[in-house]
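Undergrad: First the structure, then my questions, so here it is.
The values are calculated or read from the model by the stated rules, or taken from the named source; none is laboratory data. All values reported here derive from a predicted model rather than from experimental measurement. Cβ coordinates were reconstructed from backbone atoms using ideal geometry, including for glycine residues, and neighbour counts include every protein chain displayed. When the accessible area is computed, the model is the full protein with side chains, heavy atoms only, and any ligands, DNA or RNA have been set aside. Shrake-Rupley method; radii C 1.70, N 1.55, O 1.52, S 1.80 Å.
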Amino acid sequence: MVSRVPASCWPAPPRRGFPRRRRPAAWPISPPISGLALGGWRQLQQARARAALDRGLAGDLGAGWLLFSPAGQVTALAEGLAERLEAMGLPLRADGRLPLPEPEAVALRLALAKAGEGASLPVPVLLSRAPRVELMLRREAPAGEPLLVGRLRHALSARALPLARLTTAFGLSRSEARLAACLCDGLSLSEAATELGWTQETARSCSKQLFARMGVSGQPGVVRRMLASAVWLG
C-alpha cells in the first residue's frame, strides 16, 4: 500500500521572474570624514589657490621659466607659459623646440652650450624682436640634479590694459589714459597722434594735461610712473 505525502510537505513551486532580494538588516553607512582628512583637503585647496595667484602674477609681469635639454629641447615650463608663447607666435613644436628663425636659433644653441659649461653669470638670449622676448640661461641644481634653467620675460603693452584701470590708477580722463598708454609703449607724441587719429595740436594739448595730472615733466616721466606702478597686476 502506497502512503500519500501530505500537501503541506510538498516543495514550493518556483517563483516566476527574478528571485526576491533579501533586504539586509542594516544598510552600510559611509564613515564620516575625519577632521584630519578635511583639514588636509582644505590645505590642498589653499595651496592650489596660492599657486594660481603666483601664475597670474607671473603672467601679468610677462615672466616665466623653462627647463632645457643640452640639445635645446624644452623639457618643462611654467604653467600657462605655453599658451602665452603661442599667442606671441612661438608655439612649442612637437619635438619640444621653439620655432625660432636661424639667427635666434643659433644664439640659443650657443647660449645653452655656454650655460652648460657653468658660466658664472646668466647668459642672455634674444628669442624674438617683435614682440620682444628675452631669456636668461643658467645651469642650476635646485633638487641636486644639474638643469639648464631659462628665465623668460616678454614685452608688455600698456595699450592692452583696460582703459578703466588707467583712469582709476592715475586719475586720468579716457583721452589722457589712451595717450599715456601710447607713450608708455614707446610711441612719440607725433606717432601717438597718428595712432589715436588726433591732430598734432590735440596731442600736444592733451599731453600737457596728462603731465600735470601725473606730476611729471615729460614723456620719460609718464613711462617711469607707469612701469613702476601696480597697474599691470591683474
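Undergrad: Please state which one of Leu152, Leu166, Leu172 is open to solvent by less than 70 Å² (accessible area, probe 1.4 Å), over 26 Å from the mean Cα position of the chain (by Cα), under 24 Å from Ser229 (Cα atoms) and at pLDDT 95 or above.
TA: Leu172
Undergrad: Taking Cys206 as the residue in question, decide whether it is touching a helix residue (DSSP H, G or I) at 6+ places or on another chain (Cβ under 6 Å) and either farther than 17 Å from Pro220 by Cβ or among the basic types (Lys, Arg) (or both).
TA: yes
Undergrad: Provide a single number: the residues in segment 175-197 that are within 21 Å of Ser229 (Cα to Cα), small (Gly, Ala, Ser), open to solvent by 50 Å² or more (accessible area, probe 1.4 Å) and assigned to a helix (DSSP H, G or I).
TA: Count: 1.
Undergrad: Now for a separate question. Out of (1) closer than 16 Å to Gly64 by Cβ; (2) loosely packed, with under 15 Cβ neighbours inside 10 Å; (3) at pLDDT below 95, the odd one out for Ala119 is which?
TA: Failing condition for Ala119: (1).
Undergrad: OK, next. Take Glu134 and tell me if it is out of contact with any Gly (no Cβ under 9 Å at 6 or more places or on another chain), acidic (Asp, Glu) and open to solvent by 50 Å² or more (accessible area, probe 1.4 Å).
TA: yes
Undergrad: Looking only at residues that are more than 21 Å from the chain's Cα centre (by Cα) and of a type in the set (D, E, K, R) in segment 69-113, which one is nearest to Glu140 (Cα to Cα)?
TA: Across segment 69-113, the extreme among qualifying residues is Arg109.
Undergrad: For Arg213, are the conditions met, namely being within 30 Å of Leu98 (Cβ to Cβ) and among the charged types (D, E, K, R)?
TA: no
Undergrad: Could you give every pair whose Cβ atoms fall below 6 Å, whose first residue belongs to segment 42-60 and is under 13 Å from Arg84 (Cα atoms), and whose second residue is modelled with pLDDT of 90 or more and of a type in the set (A, V, I, L, M), counting only separations of at least 6 or pairs across chains?
TA: Between residues of segment 42-60 that are under 13 Å from Arg84 (Cα atoms) and residues that are modelled with pLDDT of 90 or more and of a type in the set (A, V, I, L, M), the close pairs are Asp60/Leu233.
Undergrad: Collect the residues in segment 107-166 that are of a type in the set (Gly, Ala, Ser), farther than 16 Å from Thr75 by Cα and part of a loop (DSSP other than H, G, I, E, B), keeping them in residue-number order.
TA: Answer for segment 107-166, where residues must be of a type in the set (Gly, Ala, Ser), farther than 16 Å from Thr75 by Cα and part of a loop (DSSP other than H, G, I, E, B): Gly118, Ala119, Ser120, Ala130, Gly144, Ala155, Ser157.
Undergrad: Name the single residue, out of those in segment 201-232 being among the polar types (S, T, N, Q) and crowded, with 18+ Cβ neighbours inside 10 Å, that is nearest to the chain's Cα centre (by Cα).
TA: Gln219
Undergrad: State the number of residues belonging to segment 35-63 that are surrounded by 13 or more Cβ atoms within 10 Å (Cβ to Cβ) and not aliphatic (A, V, I, L, M).
TA: 5
Undergrad: For a quick check of your reading of the model, give me the residue pairs whose first member lies in segment 208-234 and is without any contact (Cβ under 8 Å) to a residue 60 or more places away in the chain and farther than 16 Å from Leu187 by Cα, whose second is open to solvent by less than 70 Å² (accessible area, probe 1.4 Å) and of a type in the set (S, T, N, Q), with beta-carbon atoms closer than 9 Å and at least 6 apart or on different chains.
TA: If the second residue must be open to solvent by less than 70 Å² (accessible area, probe 1.4 Å) and of a type in the set (S, T, N, Q), the pairs left are Gln209/Ser173; Gln209/Ser175; Arg213/Ser173.
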